Each structure stands twice: as C-alpha cells, then as structure tokens.
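Undergrad: Following this message is one structure expressed as structure tokens.
The values are calculated or read from the model by the stated rules, or taken from the named source; none is laboratory data. On a predicted model such as this, the values are computed, not experimentally measured, just so you know. Don't worry about glycine lacking a Cβ; one is built from the backbone with ideal geometry, like all the others, and counts go over all protein chains shown. SASA here: full protein model, heavy atoms, side chains in, ligands and nucleic acids out. Shrake-Rupley method; radii C 1.70, N 1.55, O 1.52, S 1.80 Å.
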Amino acid sequence: MKKLILIVLAAALTLMLCACGAKKDALTTAQEMIGEDISSLTAAIGEPDDSSSSSCLGPGEDGELYYDGFTVYTYRDPDGTENVYDVMPQQ
C-alpha cells in the first residue's frame, strides 16, 4: 500500500513540475516572436506598459514597446504592417 501511495505522489509531483516548466515567461515569448506581426505579440503577452515611436530605419516608423523587464522594438512599414524586429532585456 505504501508503494502505491509513493508511486501516485511521485506521478503527481512529476505532472506538476512538467506543467510549471512548460510555462514561458513574457520575455521568452516575445523573443520567439521576432519577425511576427505586433498583434500576435500583444495577443500572446498583453499590451505594453508604455510605448514610443520614431523613424530612422527607413521610410516606415520604428517603435519601442516597454514591458516589465524588457523592451520590444518594432518597425511599421508605410503600408501599416508592424513587426517585431528585436527584444532586449532591461539592464
């Protein structure tokens, strides 16, 4: 009986650890979305705490989305398409 209880507890602990390990943090998710549309990013990790924009990469507009602990850099083409082009942790 003790063996059965230990096996069940070990299985439950393994399942809990697997479930916790599978959860990604927002920074990792954002880094995996480089090249993706900005709407996919906000759907996955939510709206930024703050943002700003300027233009220096080309005819479009550069953007910075500020999240807790990292910044997402975007580029909006003149046609309105905005994609993630870099993600940097804050130091």
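Undergrad: What list of ³J(HN,Hα) couplings, whole Hz, do you get for segment 76-91 from phi and the Karplus terms 6.51, -1.76, 1.60, once you set θ to phi - 60° and write x for glycine and proline?
TA: So the J values, rounded to whole Hz, are 9, 5, x, 7, x, 5, 10, 10, 6, 10, 6, 9, 10, x, 7, 9.
Undergrad: Would you mind telling me the share, in percent, of accessible area of segment 23-89 contributed by carbon and sulfur at probe 1.4 angstrom?
TA: Values: 1810 of 3880 Å².
Percent of accessible area from carbon and sulfur atoms in segment 23-89: 47.
Undergrad: Which far-off residues, 5 or more places away or on another chain, put their amide H under 5 Å from the one on residue 87, with H placed in the peptide plane?
TA: The answer is 73.
Undergrad: If you stretched the chain out fully between residue 36 and residue 24, how much longer would it get, using 0.36 nm times the residue separation minus the C-alpha to C-alpha distance? Please report the intermediate quantities before stating the final value.
TA: Working: separation 12, 0.36 × 12 = 4.32 nm, distance 1.75 nm.
Fully extending the segment from residue 36 to residue 24 adds 2.6 nm.
Undergrad: Simple spin-label model, 7 Å along Cα-to-Cβ: residue 91 to residue 50 in nm?
TA: Label at residue 91, label at residue 50, 2.0 nm between them.
Undergrad: Could you tally the net charge around residue 60, taking each other residue with its Cβ under 13 Å from the Cβ of residue 60, Lys/Arg +1 and Asp/Glu -1?
TA: Working: positive: 76; negative: 61, 62, 77, 79, 82.
Neighbourhood net charge equals -4.
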